[in-house]
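Each remark here refers to the structure printed beneath this line.
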Amino acid sequence: MTRHNTDDQIAEIGTLVAIFYTSSLIFLLAALLAALAKLCLSNYLQHKGESWIERRADRQRKLDALEKWRFDLFLKSPTVVFLIGALLLFCGFYRQLWDIHPAAP
C-alpha cells in the first residue's frame, strides 16, 4: 500500500522546512553578532601606551566611540535575534504537531 501526498501536504512540508531553515539562520546570525560583540569588547580592553595617562586617554577615546555608535544597542541585539529565532522555531514545531494531532472539535 503506497501513500500518496496531496499538494496541500507537500506545500505544508515546504512551509515547515522553510520555517526551520529560517530559524536556523537566525540562530547563526545571533551567534555571529555575539562573537562580534565579544571581539569589540576585547579590543576595548586592550591598551596602547605605556603611561597611565596614555592608557586613560586611549580608553576614553574608545568609550566615546562606543557611545557615538550606540554600542549598547549592538550588545542587546544578539539576545533579541535569538528570541526571534526561538519563537520561529517553536511556531514551526507547533505547526508540525498540529498536523500530526489536530485538536478535537
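Things worth noting here:
- Comparing Trp98, Val80, Phe27 along the charge dipole axis of region 9-100, the residue lying farthest to the positive side is Val80, per the Cβ-charge model.
- Of all complete DSSP H helices in the chain, those with a Cα span along the helix axis of 27 Å or greater and a mean Kyte-Doolittle hydropathy of -1.0 or more are 7-45, 71-100.
- Relative exposure of Lys62, Lys76, judged by other C-beta atoms within 10 Å (fewest first): Lys76, Lys62
- Cα-centred dipole magnitude for the chain, charges only on beta-carbon of K, R (+1) and D, E (-1), debye, nearest 20: 620 debye
- Against the set (1) 63; (2) 56; (3) 46, the structure's computed percent of Cα pairs over 19 Å apart falls on (1).
- In plain terms, the residue of Asp64, Asp58 with the fewest other Cβ atoms within 10 Å comes first and the most crowded comes last, giving Asp64, Asp58.
- Full-extension gain in nm, Gln46 to Ser77, via 0.36 nm per residue minus C-alpha separation: 8.8 nm
- Nonlocal Lys pairs with alpha-carbon distance under 17 Å, the chain (8 or more apart, or different chains): 4
- Residues Ile13, Ile26, sorted so that the one with the fewest Cβ neighbours within 10 Å comes first: Ile13, Ile26
- Between Leu97 and Phe20, the modelled label-to-label distance comes to 1.5 nm, taking each label 7 Å out from Cα in the direction of the beta carbon.
Read-outs throughout are calculated quantities, based only on the coordinates presented, and are distinct from any laboratory measurement. Everything numeric here is computed off the predicted structure, so don't read it as measured data. Cβ atoms come from the backbone with ideal geometry, glycine included; neighbour counts cover every protein chain shown.
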